[in-house]
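Just below is one structure, and these are the notes that go with it.
The values are calculated or read from the model by the stated rules, or taken from the named source; none is laboratory data. Everything numeric here is computed off the predicted structure, so don't read it as measured data. Every residue, glycine among them, receives a Cβ derived from its backbone with ideal geometry; neighbour counts consider all protein chains shown. Protein only, heavy atoms only, side chains kept; ligands, DNA and RNA dropped before computing areas. Shrake-Rupley method; radii C 1.70, N 1.55, O 1.52, S 1.80 Å.
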Amino acid sequence: QVLLVESGGGLVQAGGSLRLSCAASGRTFRRYAMGWFRQAPGKEREFVAAISWSSSTYYADSVNGRFTISRDNAKNAMYLQMNSLKPADTAVYYCSARRGDSSRQPGEYDYWGQGTQVTVSS
């Protein structure tokens, strides 16, 4: 069992930056793929970024070039550096983990945090 807790969300103006953190407990996730998803009101949960246990990274087209995902297995932590934020990035952001390969589908992840709100004003 893996417990995930997100932090670092907040209110920021368009063009600004935020760094989200995900702290894991219960067991190591060294061999887990990790991902960030987001969900805005009235919309489905969508893929943002993923990182494999070997640190290969994947990004949604909408955030590629602006966001950077990373992990620190020794600290059981994962991060999402978000730069050049846009109002369209406004959503609740969720940390997630799964055994095996990275995935863009939220239904394929095994563990989820409770989310952290990111609001980008224009």
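Numbers below:
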{"read-out": "Accessible area expressed per residue, the chain, with surrounding protein chains retained (probe 1.4 Å, Å²)", "value": "52"}
{"read-out": "FRET efficiency, 1/(1 + (r/R0)^6) with R0 22 Å, evaluated for T68 and S7 via beta carbons", "value": "0.80"}
{"read-out": "Fraction of accessible area attributable to carbon and sulfur, the chain (%, probe 1.4 Å)", "value": "45"}
{"read-out": "Column: log10 I(q)/I(0), Debye, Cα scatterers of segment 56-122, q = 0.13, 0.14 Å⁻¹", "value": "-0.41, -0.48"}
